[in-house]
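The values are calculated or read from the model by the stated rules, or taken from the named source; none is laboratory data. On a predicted model such as this, the values are computed, not experimentally measured, just so you know. Here Cβ is always computed from backbone atoms with ideal geometry, including for glycine, and neighbour counts include all displayed protein chains. When the accessible area is computed, the model is the full protein with side chains, heavy atoms only, and any ligands, DNA or RNA have been set aside. Shrake-Rupley method; radii C 1.70, N 1.55, O 1.52, S 1.80 Å.
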Amino acid sequence: MASNSHQDDVPASRGVEDHEAAKPHDRAVQSALVEAQKQILQFLQRRLGDRDAADEVLQRFSLRALERASQLHDVRMVRGWLGRILATTIVDYQRETARRRRREIVVDQAEVENHPVDEELDAAICNCLYRLLPTLKAEYADIIWRADILGEPRNRLAESLGTSLNNLTVRLHRGRQALRKRLEEMCRTCPVHGFLDCHCEKGEQTQAFADAKAKTTP
């Protein structure tokens, strides 16, 4: 995945953008965005058994992830954060489908929000992140992989990197910010044509939502 980095901690005044390994328009980054999205789509096709349903849920998941992206810095694990969004999106879609078929089901909202993330769904999220992380600066990819995805204890991680717990926390926060940008770019990537800022109907729908969120997010 990513090699362990022992580089000096960067000054707190510098932005995350300075440390990203590549820009969104770079071919390698764009390929990673598309491949990450495909991982989730393939999982949804297996789970739902229908390509149109998978496309619909992927679109909803992307919009919901964009809507909640500002929450990423408040969670301990990006893996669990994405997993819960995908799980609840699937549950909501299945509930709506059942209602349309006149098979009304009663689902407690708290149960939906706390819907467990199963192993197959978790694997899809991990594969998605596995493709996005290499597009970040190596030290950010490494620390997110170990802390957020593998769940390595922070004190042990800081010791292995030869840094303080405080510096580790700062670096992890910056890494999450950089990854959040990649996730937002993935969600804005057209599911049909596979590139950002597509002018097809689905691409423009996603872009319009992203633009609206940008105007309302402080």
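Magnitude of the Cβ-charge dipole of segment 28-101, K/R +1 and D/E -1, about the Cα centre, nearest 20 debye? Could the numbers behind the result be given before it?
On the way: 14 positive and 9 negative charges, 59 e Å.
Its charge dipole is roughly 280 debye.
On full extension of the chain, what length is gained from Q42 through R68, given 0.36 nm per residue of separation minus the C-alpha to C-alpha distance?
My answer for the length gained is 7.1 nm.
How much accessible surface area, in Å² rounded to 10, belongs to the heavy atoms of K38 with a 1.4 Å probe?
Counting only protein heavy atoms, the figure is 90 Å².
Arrange the residues R182, R154 by how much accessible surface each exposes, largest first, with a 1.4 angstrom probe.
On the way: R182 0, R154 85 Å².
Descending order: R154, R182.
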